[in-house]
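For reference, the structure discussed in these notes is given below.
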Amino acid sequence: MGCTEAEWLRWLPAAIGDHTWKIEHASARVHIAGGGQPLGTLTMTWSVGSLRKIALVALPRLHVNFQFEGLDDAQRYTFMRRFDLYMQRGGG
């Protein structure tokens, strides 16, 4: 992820949405539900990486690992599609 840990933590609640979650140190556990029924869990862990330098630009990096349990491909895709849209940052 091209962000600082502080930015990540600020964006995370909106990206997770209505799912129940708990943060602990450099990890978060998300209980994913659909139609009022529990489907599975997502465990995210992260660590701060070194800056990525491109010419005079220095971009922060955050290494994030996503581990799903109990969700099929379609359910993971549905969650990540929304998550990715909330985490996207851009300019023009």
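The values are calculated or read from the model by the stated rules, or taken from the named source; none is laboratory data. All values derive from a computational prediction rather than experimental measurement. Counting neighbours? That spans all protein chains shown, and the Cβs are built from the backbone with ideal geometry, glycine included. Accessible surface is based on the protein model in full, side chains and every heavy atom, while ligands, DNA and RNA are left aside. Shrake-Rupley method; radii C 1.70, N 1.55, O 1.52, S 1.80 Å.
Would you point out which residue out of Leu62, Leu85 is outside any loop (DSSP other than H, G, I, E, B), under 23 Å from Gly2 (Cβ atoms) and open to solvent by 100 Å² or more (accessible area, probe 1.4 Å)?
Exactly one residue qualifies, and that residue is Leu85.
What number of residues in region 1-58 are of a type in the set (Phe, Trp, Tyr) and in a helix (DSSP H, G or I)? If you could, list the steps in order and put the result at the bottom.
Here is the first cut: in region 1-58, the ones of a type in the set (Phe, Trp, Tyr) are 8, 11, 21, 46.
With the extra rule that they be in a helix (DSSP H, G or I), the set shrinks to 8, 11.
Total satisfying the criteria: 2.
Being over 13 Å from Leu9 (Cα atoms), surrounded by 13 or more Cβ atoms within 10 Å (Cβ to Cβ) and free of Cβ contacts under 8 Å to residues at least 40 places away in the same chain is the filter here; which residues of region 34-48 pass it? Walk me through it before giving the result.
Step one: list which residues in region 34-48 are over 13 Å from Leu9 (Cα atoms), which gives 34-43.
After this cut, where a residue has to be surrounded by 13 or more Cβ atoms within 10 Å (Cβ to Cβ) as well, the list is 34, 39-43.
Leu39, Gly40, Thr41, Leu42, Thr43, listed by residue number.
Residues are listed down the side, and each one gets a yes or a no for (1) at pLDDT below 95; (2) in contact with a helix residue (DSSP H, G or I) (Cβ under 7 Å, 6 or more places away or on another chain):
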| site | (1), (2) |
| --- | --- |
| Met1 | yes, yes |
| Ala6 | no, no |
| Leu12 | no, no |
| Val30 | no, yes |
| Met44 | no, no |
| Phe68 | no, yes |
| Asp73 | no, no |
